[in-house]
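One structure is given below, encoded as structure tokens.
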Amino acid sequence: MSRKILAGATAAIIAGLAFFGLGATAEAQDFAKYHNYAELSAMLKNLADAHKTLVKLESIGKTLGKWDMWALQIAAPGGAPAAERPGLLIAANFEADHLIGSELAMFIADTLAKNYASNAEVKRCLDNFVVYILPRVNPDGAEFMWAPLKWARRTNTRPVDDENDGRIDEDGPVDLNKDGLVSVMRVKDPNGEYIIDPEEPRLMRKADAKKGERGEYAIYREGIDQDQDGFIAEDGPGGVNINRNFMHEYPYFKTEAGRFMVSEIETRAVLEWILAHRNIAAILTFGESDNLIVPPNTGGRLSTSKQLDLVEFADATVAGAGRVGIFPSAGGFGFRFGQRGGGGGEMVITEEMLSQLMAAGGPFMFGGPGGGGARGGQAATQQTTGARAQRPTRTAATTVNAADIDYFRMIGAKYSELTGIRQQPFVVNPEGAFFQYGYYQFGVPSFSTPGWGLAGAARGQGMPSGLPGMQGGPPGAGGQSQGAMMTAQRGAGTGTGQRAGGLGAGAAPFGTGGAEQAQSYDRQLLQWMDKEKVDGFVAWTKVKHPDFGEVEVGGFKPYAAINPPAAKIAELGKSHAGFALYLTSLFAKVGIAKLEATNHGGGIFRIKAEVENSGFLPTALAQGLTAGTVKATKVQLQVAPESIISGSSKTSTVQALAGSGGRIKFEWLIKAKPGDAVGLVVTSQKAGADKRSVVLK
Amino acid sequence: MNNPLGRNSRTAVRLAKGLLAVLVVLAVIPQGGLTQKFVSDPPFKVKIDFNRWHDTAELYADMRRMEQAWPKFVKVNVIGKSYEGRDIIAVTINNPETGPEAGKAAMLIEANVHGNEIQGGEICLYTVWYLMENYGRLEAVTRLVNERVFYIIPTINPDGRQYFFESPAGNTRSGHMPTDDDSDYQFDEDMPDDLNGNGVVEQMRKYAPGKGNYRLSATVPRMLEPVPFGEKGDYLMLGTEGLDNDHDGRVNEDDAGGYDGNRNYPFDWQPNYIQRGAMDYPTQLPESKAEVDFIFAHPNIAGVQSYHNNGGMILRGPGAEAVGDYPATDIRAYDELGKTGERILPFYNYIVIWSGLYTVHGGFIDWTNDGMGILSFSNELWSGEQYFTSPELKEQQKDPNSPIAPQKSRAFFDDKVELGAEFMEWKTFNHPQFGEVEIGGTWRKFTSRVPPRFMNEELCHRNMAFTLYQASEMPMVKMGDASAEKIGDGVYRLFVDISNPKVAPTILERVAPNGVVRPDLLTLDGKNVEVISASWIGNAETYKINPTITQFIDQKNLRRIMLRNGLAGKTSRTIMYLVKGAGEVTVKYDSVKGGTVSKTIKLQ
């Protein structure tokens, strides 16, 4: 990149960031801490009270703990009503321990409200669009951060029998070293798989027999086997992870996924709310998955998950709890699955039956095989004796549509530019996540980011993904389903074997970088904590244990690996406010570019119109069209249908209009008289509306 | 004077007297028994007619009449409200004197998720009625009611049912949450119109001799058929009765509803573009939510029957191929029940949904099987085969000239068997937009999907019989012999026989690893007893003669053994404990769907 351009870009970035620094009047001290439910609710109420014309506060429902899930609507009065404007939804804190998301969402709300009068960007946004904010979707779970015993889990408070042993929440963690935190414990054990990492003695890793290493430790969650079932802390209080409870790539039967998809009050409340706000044209979530720091790769796949080894090692010890008591099935009759599927596939389906079934309620064949179709004249479909009477089945998309990928990558690049975040702190697999529903089913550009990152390492570094056995989802976490499962194959996950490479900045292919190469995420995190002077690690301490005798308790402090220090909230908030504004600047916008009438005499007039999208994004992404959830833009000539002689019908629909000036033409020949006013109305679900009229001469 | 008949006549007179005496006796004593009074079949306690269709209000009223007639056994509970605010009821049949309801396996029967699939509701009525009328009369019924629980939801879509009855056009499977089918941002704003006010939405035609695109059918003159290419007919078909209500240039394009309640359940739910009619998210409909919540709150439900129409099928899942077929042991149980069902229900075929019918995502019985571990069937009631049933008639139908050949069979049945009950004749009408037209030419909606009224009772009874058979074969754990064998030093060997003689397992193998059913629990209680080991063996007698090396049950707490696979159908096995101690020991087998049984053994 040439020096000039680089300098220019840097200047722009600095100016951009400074602009928010100058304008923002958010008191720094308000955002130098994490806020509990009472404080958050008070902040929201104060904001709404202080900015009555701009900010509306409502509750979208009450949780199990009877707390409100708050929603803010921020829009300036005048112009189209908020419900008819393109909307940006910002939602956060689905995972209970991701408090930073809550703070960022609140900061953005605060920034928008306070800078409307003084900042042109904010004014443009709030005059034309609407911003909705759900700052804390899981308030019950978020409050765990203020519990006397801090245990970073992601769930709500619903009692769940995690390992299905017939007892609920009977074996949670125990604070052995009395530090008010739940971390992990290591126990000297000749059968153990782990050794202290010689390069970083605070950490542990698996002993590598090929290198002559011999395991010395077992690692567990900090606790005692309270229910005497051989597992430690396998079933603590709570719950369901709301971000595993949505419908896209729902993780069936996994411990935190809930009894079934959309089982939770919080999930249902969010869905009901967003379906009542279909003007939402883009979604930004703060959560533990990411498609912004590392956008989808050219195959449409997201980056692989990263976890903390220490946590994974401890979790592995309870993974089997859900499988105790499974016995190999008593000898079967040797049938292969499906072979004796009760006649399925062997049954003779006559044409008559098929046409009955296909007609789904239409006229009915009265007895007798063969013969004509059930509907007048229509031949029944092909002979199907013995074969499966099957229409071709579709499977749901699980990779970003090829036509949409460029938008994600472009927006991801801008995200990194505006926020400076280039390295993921961690990511989890977004199975059942809200933002994935937002794209694949709700059909709009939909993003997720942890909201912060580990600075320092260039993009493309870190643990090489896709190499077998080195990374990927948590191994065998909590009772995975045995039976053949699921329609949707893993979209995110081991993927294409390449790291979702950076954009444009010539991301180094994985594996280069010398000493930084092949570092575990634990190492990276610890280095970052040391550098930033974050007190995020509990030093290993010897304690007495009733069953093991002596153990050592230590490991990452709960929440410290998931959330940055509170001092960073303000600066992160500012850059994310800028990103939110940027997103709104991309919205599609429909308008009538041309409307003219010609008098042909004899009471016949020709009406010509052109409808265009002057925004950047198309009125519907390809996935929105595939899913059929973005309504077509409606173009309607305001005349009685009988007066149209030829041309388009009175009401036409346009599936999608391309961005940056995509246009479509309409023409009608109508019967009318001079002096009539003929109107044209264009209505779009997520790109606003326009109307114009012309008086016939 | 001499007897003119002579000696023979005396014999004859004696015979005659004897015969007369016998006749007198016979007149006084009823045939078949000396003490029994000969009367008609005993009358029923509650009179319900099964040869007509009951709308929602009548259906519920009849259920409540039965609740009043048999208050000990029958309870009508409201489990939720439909979109339009109607009650959704579940009728419980349980004998409170034979143990707590939650401790018995329950059969869930539900119907009518599709608004136009109404006869399932009639079967529900029939089932409650039949069980109660025959309790105490038929041993099998008495036992069923005493040992099991029934939850019966006669209509899970009362809005849809009512729409079918009330609306002139109402032949739709949908419910009545408004949907914007024509993408104009309005909901249900251009529905069919009953222009001539006769309660049926019919076809419209205009007589236009020599200018039309349709003509009278040569084979069935009441019907119209399109003319061949290049020809002209005498009729113009104008479509279904209707007006362009919202003046957008289209007629009747946004009818009521437009979704499929049986695609809204939370297993393999797929978005609308994969599964039409699925709505925006599973359990979005108040009806499916109420049903899901009810079933979740009753883990003792071990069997499901969901009545639909039509086609004559006994369906099992999976609904989609990608989900994978069931494991062999589950299939074995399904096959036994399904094949027997075919013999109870002539003209019904036992098939798998995805391969025998079509793909269904998010269907009810997929969720009850995979999401809740309940062995589930769904019957498609009434087959077109049932109009002309004998082999001879079916043979006749192969001849295109036969009066009952397929093209004509419907008209024949309507004329000769139903005396014209089902066809709407063409009648003239003055249409506000089209001038003089004729309206008619359709079959009433109570036809083809539902049986002729006079055949409904048989449909009800046979389907009920299949469901009661399934109910009787729900799991039921039994304990057989329980004994202790002294070994010495206070050590004993305990044997307890445990069996499940029914077809269905206590836990479907399909869901055993998935945590959706609480595992069966085998517990041992004894104050002064310590458990050394526990193992399964085939049978105590064989073991005593030839002790083999047994496998440990490798669980930390042998006093509370978890059995995630449960007990398969038609299986018996023996648990062998090695214990040390004294006194009494109680071994209990506790299964959510198989019931709880226990035995106490003295250690001596």
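Listed values for the stretch A:546-555 are Karplus-derived 3J(HN,Hα) couplings in whole Hz (6.51 cos²θ - 1.76 cosθ + 1.60, θ = phi - 60°), namely x, 9, 8, x, 10, 9, 10, 9, x, x, and x replaces Gly and Pro. The trypsin sites (Lys or Arg not before Pro) found in the stretch B:248-356 that occupy coil by DSSP, while having at most 16 further C-beta atoms within 10 Å, are B:Arg276.
Distance between the C-alpha centres of the stretch B:425-461 and the stretch A:51-86: 51 Å, rounded to the whole angstrom.
For the stretch B:54-176, a crude dipole built from +1 on the beta carbon of Lys and Arg and -1 on the beta carbon of Asp and Glu, taken about the Cα centre, is about 280 debye to the nearest 20. 3J(HN,Hα) along the stretch B:276-293: 4, x, 6, 6, 8, 6, x, 6, 5, 6, x, 5, 5, 5, 4, 5, 4, 4 Hz, from the Karplus curve 6.51 cos²θ - 1.76 cosθ + 1.60 with θ = phi - 60°, whole Hz, x for Gly and Pro. Size estimate for the stretch B:442-481 follows the Kirkwood approach: the inverse of mean 1/r over distinct Cα pairs works out to 13.1 Å. Put the Cα centre of the stretch A:539-617 next to the Cα centre of the stretch B:469-519 and the gap is 55 Å.
Heavy-atom accessible area with a 1.4 Å probe sorts B:Ser499, B:Ser40, B:Ser598, largest first, into B:Ser40, B:Ser598, B:Ser499.
Annotation: A:Thr395 carries an accessible surface of approximately 90 Å², with a 1.4 Å probe and no ligand, DNA or RNA atoms counted. Extension gain for B:Glu436-B:Met237 works out to 70.4 nm (0.36 nm per residue, less the C-alpha to C-alpha distance). The alpha carbon convex hull volume per residue for the stretch A:536-613 rounds to 167 Å³. Shape class of the stretch B:410-528 from the alpha-carbon gyration tensor: prolate, with a/c at 1.5 or above and a/b greater than b/c. Backbone amide hydrogens, once placed in the peptide plane, bring B:Gly175 within less than 5 Å of B:Gly258, B:Tyr259, B:Gly261, excluding anything fewer than 5 places away on its chain. For chain B, the fraction of alpha-carbon pairs lying more than 42 Å apart is 40 percent, rounded to a whole number. Taking 0.36 nm per residue of sequence separation and removing the Cα-Cα distance, the A:Lys52/A:Lys188 pair yields an extension gain of 42.8 nm. With each label modelled as a point 7 angstrom along the Cα→C-beta vector, the A:Lys697-A:Ala677 pair spans 1.8 nm. Max-minus-min Cα coordinates of the stretch A:25-148 on each principal axis give 48, 30, 22 Å, with the largest extent listed first. Could you list, in their original order, any pairs among B:Lys232/B:Lys398; B:Lys478/B:Lys544; A:Lys33/A:Lys254; A:Lys150/A:Lys542; A:Lys56/A:Lys574 whose Cα atoms are separated by more than 24 Å? Checking Cα-Cα distances, B:Lys232/B:Lys398; A:Lys33/A:Lys254 exceed 24 Å. Where Lys and Arg each count +1 and Asp and Glu each count -1, what net charge lies around B:Lys427 among other residues with Cβ under 13 Å from its Cβ? It works out to a net charge of -3. Using the Cβ of A:Tyr250 as centre and a radius below 10 Å, the other residues enclosed give a net charge of -1, where K and R count +1 and D and E count -1. Within the straight-line cut-off of under 19 Å between alpha carbons, the lysines reachable from B:Lys81 are B:Lys289, sequence neighbours fewer than 8 places apart in one chain being disregarded. Put a dot 7 Å past the Cα of B:Val46, heading toward its Cβ, do the same for B:Thr550, and the two dots end up 5.0 nm apart.
Here the mean projected area of the convex hull built on the C-alpha positions of the stretch B:523-604 is 6.1 nm². Where the centre of each part is set by its Cα atoms, how far does the stretch B:349-386 sit from the stretch B:46-96, in angstrom? So the separation of the two Cα centres works out to 25 Å. For A:Lys665, a cut-off of 24 angstrom between C-alpha atoms picks up these lysines, skipping any fewer than 8 places away in its own chain: A:Lys589, A:Lys594, A:Lys608, A:Lys631, A:Lys634, A:Lys650, A:Lys673, A:Lys686, A:Lys691, A:Lys697. For the stretch B:495-590, the set of trypsin sites (Lys or Arg not before Pro) satisfying both a DSSP loop assignment and a count of at most 10 other C-beta atoms within 10 Å is given as B:Lys527.
Label-to-label distance, B:Asp489 versus A:Glu199, with points set 7 angstrom from Cα along the beta-carbon direction: 5.5 nm. Ignoring everything but the protein chains, give the 1.4 Å probe accessible area of A:Asp530 in square angstrom, nearest 10. That residue has around 80 Å² of solvent-accessible surface. So which GluC sites (Glu not before Pro) in the stretch A:162-242 pass both tests, a DSSP loop state and at most 11 other Cβ atoms within 10 Å of the Cβ? Sites meeting the loop and neighbour criteria: A:Glu199.
Measuring r between the beta carbons of B:Thr98 and B:Met455 and using R0 = 30 Å, the FRET efficiency lands at 0.25. In terms of its Cα atoms, the stretch A:216-268 spans 43, 23, 15 Å along the principal axes, sorted from long to short.
The aspartates and glutamates whose alpha-carbon is closer than 18 Å to the alpha-carbon of A:Lys544, local same-chain residues fewer than 8 away aside, are A:Asp175, A:Asp179, A:Asp189, A:Glu222, A:Asp225, A:Glu552.
With θ taken as phi - 60° and the Karplus curve 6.51 cos²θ - 1.76 cosθ + 1.60 applied, the whole-hertz 3J(HN,Hα) list for the stretch B:205-214 is 9, 10, 6, 9, x, x, 10, x, 10, 9 Hz, x standing for glycine and proline. Per-residue SASA remark: A:His600, around 100 Å² accessible (1.4 Å probe; ligands, DNA and RNA not included). With a Förster radius of 22 Å applied to the C-beta separation of B:Asp481 and B:Arg143, the computed FRET efficiency comes to 0.40. Under a 5 Å amide H cut-off, with hydrogens placed 1.01 Å from N, A:Tyr194 pairs with A:Ala207, A:Glu216, A:Tyr217 among residues at least 5 apart or on other chains. Please give the residues of the stretch B:534-558, grouped as numeric ranges, whose backbone N is less than 18 Å from a label point set 7 Å along the Cα-to-Cβ vector of A:Gln228. Within reach of a label on A:Gln228, which here means backbone N under 18 Å from a point 7 Å along Cα→Cβ, the stretch B:534-558 contributes B:534, B:553-558.
Here the average projected area of the convex hull drawn through the C-alpha atoms of the stretch A:178-326 stands at 14.1 nm². Using the Cβ-Cβ distance between B:Lys588 and A:Ala209 with R0 = 45 Å, the FRET efficiency computed as 1/(1 + (r/R0)^6) comes to roughly 0.50.
The values are calculated or read from the model by the stated rules, or taken from the named source; none is laboratory data. Just so we're clear, the structure is a prediction, and the values are computed from it rather than from any experiment. Don't worry about glycine lacking a Cβ; one is built from the backbone with ideal geometry, like all the others, and counts go over all protein chains shown. Surface accessibility is based on the protein's heavy atoms, side chains included, excluding ligands, DNA and RNA. Shrake-Rupley method; radii C 1.70, N 1.55, O 1.52, S 1.80 Å.
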